[in-house]
Amino acid sequence: MLASDDDILGQAEVWAKQGRGVALATVVETWGSAPRPVGSHLAIDADGHFLGSVSGGCVEGEVVTEAMDVIADGKPRVLEFGVADETAWRAGLSCGGRIRVYVERID
Amino acid sequence: MRSDLLAQLNEARRERRAAVLVTAMDGGAQRLVTPATLSSDPLADQIDAALRSGKSGLVEQEGASFFLTVQVPPVRIVVIGAVHISQALAPMAKLAGFDLVIVDPRTAFATPERFPDVPVIADWPETVLPPMKIDRYTAMACFTHDPKIDDIALEQALRAECFYIGALGSRKTHGKRLERLQAKGFTTADTDRIRAPIGLDIGAVTPAEIAVSVLGEIILALRKKALRVEVQK
């Protein structure tokens, strides 16, 4: 079964209770034909395990990488992805949409 | 996010309570707002609107940007009648991501053998429904067309402002049903909320096809129109 947002926030809580470093990524804004709606979550642990999705696979790798820094320094970040993005060649949305993702650490 | 806020958010979801997490995009300060604490919140109007739509999103106030993570209870479907249509509807609803429970006091119908992997409660709706706390995030589909079983369930669904209420039965059967409900004090505006004949008009013939038409009608009520209680306001 697909992971629902319920499972994702529940899993984030379980990971945090196990003492793992955990970050939560949330789609906060979309333009055009974004693959996942505003409010979609991706939970990431310090070992790079993740559950959920913010883009249907296009930019998850980049978000997980950024999440490592967020887990390390605790500072929330806003990431933006889209075809116009300079990183499009490695982390772009092939659908032509744009998304903004908020990444925060669970403290 | 503070882990205690995450725990509260998850607890609210488990207990079918609405909650909104407010995150200041500048600085990341957060608070959890519930319907109980809504009126005293500085973003009360925006949060209230978000709770009604059920959608997360950014809001602005005095030049500052806030993200609202909106959590409303997951939609569940309560089916009255452990009948053939319910046997088809149960796995379809599960695939579409809805929780579903079947209620039927007739123990010959309500058996685990007929309904693998679905909660089936072999008791009367008047006993089963109150502790279940049906709400505006609940869809009710009545399939027994036996007044002794369906009527109480319909009355409770109307009072609980379920976002979808459907009842199986011919127009004649439904006409009599409306008379009984109106005799109990329900207005025409109330009873107009009952979808009958149940299901979208797709020419459904078999129980499975009727189940498709009912599931489609439930999704229509959920996604296309505001929840019933909002329409009235």
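Computed values, structure above
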{"read-out": "Within the stretch B:116-233, helices (runs of 4 or more DSSP H) holding 3 or more residues that are in contact (Cβ under 8 Å) with a residue 40 or more places away in the chain", "value": "B:125-132, B:147-159, B:207-223, B:228-232"}
{"read-out": "Any chance B:Gln46 is open to solvent by 50 Å² or more (accessible area, probe 1.4 Å), out of contact with any helix residue (DSSP H, G or I) (no Cβ under 6 Å at 6 or more places or on another chain), assigned to a helix (DSSP H, G or I) and more than 28 Å from A:Gly74 (Cα to Cα)", "value": "yes"}
{"read-out": "Residues that are buried (at least 19 other Cβ atoms within 10 Å of the Cβ), modelled with pLDDT of 95 or more and of a type outside the set (A, V, I, L, M), drawn from the stretch B:104-137", "value": "B:Asp104, B:Pro105, B:Pro125"}
{"read-out": "Residue in the stretch B:92-102 that is crowded, with 18+ Cβ neighbours inside 10 Å and not hydrophobic (A, V, I, L, M, F, W, C) present", "value": "no"}
{"read-out": "Residue in the stretch A:19-52 that is nearest to the other protein chains (Cβ to nearest Cβ), counting only those that are over 26 Å from B:Asp4 (Cβ atoms) and of a type outside the set (Phe, Trp, Tyr)", "value": "A:Glu29"}
{"read-out": "Residue within the stretch A:89-107 that is open to solvent by 60 Å² or more (accessible area, probe 1.4 Å), within 13 Å of chain B (Cβ to nearest Cβ), in contact with a Ser or Thr (Cβ under 8 Å, 6 or more places away or on another chain) and at pLDDT below 95 present", "value": "yes"}
{"read-out": "Total residues in the stretch B:6-23, condition open to solvent by 10 Å² or more (accessible area, probe 1.4 Å) and either of a type in the set (S, T, N, Q) or facing chain A (nearest Cβ under 10 Å) (or both)", "value": "5"}
{"read-out": "Residue in the stretch B:150-162 that is of a type in the set (Asp, Glu), within 16 Å of the chain's Cα centre (by Cα) and surrounded by fewer than 17 Cβ atoms within 10 Å (Cβ to Cβ) present", "value": "no"}
{"read-out": "Number of the condition not met by A:Gly19 [criteria: (1) more than 25 Å from B:Gly97 (Cβ to Cβ); (2) touching an Asp or Glu at 6+ places or on another chain (Cβ under 6 Å)]", "value": "(2)"}
{"read-out": "Of residues in the stretch B:50-93 being at the interface with chain A (Cβ under 9 Å from one of its Cβ atoms) and within 20 Å of the chain's Cα centre (by Cα), the one modelled with the lowest pLDDT", "value": "B:Pro74"}
{"read-out": "Verdict on B:Val101 being closer than 26 Å to B:Arg17 by Cβ, modelled with pLDDT of 95 or more and aliphatic (A, V, I, L, M)", "value": "yes"}
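The values are calculated or read from the model by the stated rules, or taken from the named source; none is laboratory data. Remember, it's a predicted structure, so these values are computed and weren't measured experimentally. With ideal geometry, Cβ positions are generated from the backbone for all residues, glycine too; neighbour counts draw on all protein chains shown. Just so you know, the surface numbers come from the protein's heavy atoms only, side chains and all, with ligands and any DNA or RNA stripped out. Shrake-Rupley method; radii C 1.70, N 1.55, O 1.52, S 1.80 Å.
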